[in-house]
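To start, the structure itself, in structure tokens.
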Amino acid sequence: MIRIDTSSFTPFYEQVKAQLRTRIRSGSLRPGDALPSIRELASSLLLNPNTVARAYRELEQEGWISTRKGKGCFVSETALKLAGQGGLDGLNRLLDEAVKEAEAMDIPPQHVKDLLDRRLRLRAGIRRERKRP
């Protein structure tokens, strides 16, 4: 579900874009999946349809989604390549998106750091357990 933080300095269309990219990266939206129509999404988020149209247009220009005339917008076949693209560049983009998401949800920076640190420690512990005979 997409949520808009009206108190954030991040423009609404950027919040929509970031959250859709996050859902594609996480696998909750897959290539070929239909997106809500511009009017449906705008109505559910209480946004101007032009705001959602701008988000969709920019996501299409970036290759994340495709538009089929008369059918709507869909996650593009190239979205998975974009989601996994680029080593450290890709990781930096993911971190930027996570920071934007945290800002949109008013999560303090220290809490984000703590969450990341906890996640890294958890993953390290899981890897150590797998190596034990």
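Tabulated values for the structure
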| item | result |
| --- | --- |
| Pairwise centroid distance, computed over Cα atoms, of region 100-122 with region 40-70, Å | 28 |
| Order of Phe9, Phe74 under a 10 Å beta carbon neighbour criterion, fewest first | Phe9, Phe74 |
| Dipole of the chain, positive direction: furthest Cα of Ile38, Gly84, Leu95, with charges on the beta-carbon | Gly84 |
| Order of Thr51, Thr6 under a 10 Å beta carbon neighbour criterion, fewest first | Thr6, Thr51 |
| Helix axis angle, 87-104 relative to the chain longest principal axis, alpha carbon, degrees | 70 |
| Student exercise, the chain dipole from Lys, Arg, Asp, Glu Cβ charges, in Debye to nearest 20 | 780 |
| Region 1-123: C-alpha gyration tensor shape, a/c 1.5 cut-off, then a/b vs b/c | oblate |
| Straight-distance crosslink candidates among lysines, where the alpha carbon sits under 27 Å from Lys17 and sequence neighbours closer than 8 are dropped | Lys69, Lys71, Lys81, Lys100, Lys113 |
| Whole-Hz ³J(HN,Hα) from phi, Karplus 6.51 cos²θ - 1.76 cosθ + 1.60, for region 118-123, glycine and proline x | 4, 5, 5, 5, 4, 4 |
| For the chain, calculated [θ]222 nm from helices alone, where every DSSP H run of n ≥ 4 adds -39500 (n - 2.57) | -20000 deg cm²/dmol |
| Estimated vicinal HN-Hα couplings, Hz - region 50-60 in sequence order (Karplus 6.51, -1.76, 1.60; Gly, Pro = x) | 5, 5, 5, 4, 5, 4, 4, 4, 5, 5, 5 |
| In Hz, Karplus ³J(HN,Hα) per residue of region 109-117 (6.51, -1.76, 1.60; θ = phi - 60°; x = Gly, Pro) | x, 5, 5, 4, 4, 4, 4, 5, 4 |
| Relative contact order, percent, the chain [alpha-carbon distance under 8 Å, six or more residues apart] | 26 |
| Distance in nm between pseudo-label sites at Ser43 and Thr67 (7 Å out along the Cβ direction from Cα) | 2.0 |
| Helix axis angle, 12-26 relative to the chain longest principal axis, alpha carbon, degrees | 50 |
| Spin-label pair Arg30/Ala124, simplified geometry with 7 Å Cα→Cβ offset, distance in nm | 3.5 |
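Laboratory data are not the source of any read-out in this text; all were calculated from the coordinates shown. Here the structure is a predicted model, which means the values were calculated and not measured. All Cβ positions, glycine included, derive from the backbone under ideal geometry; neighbour counts span all protein chains shown.
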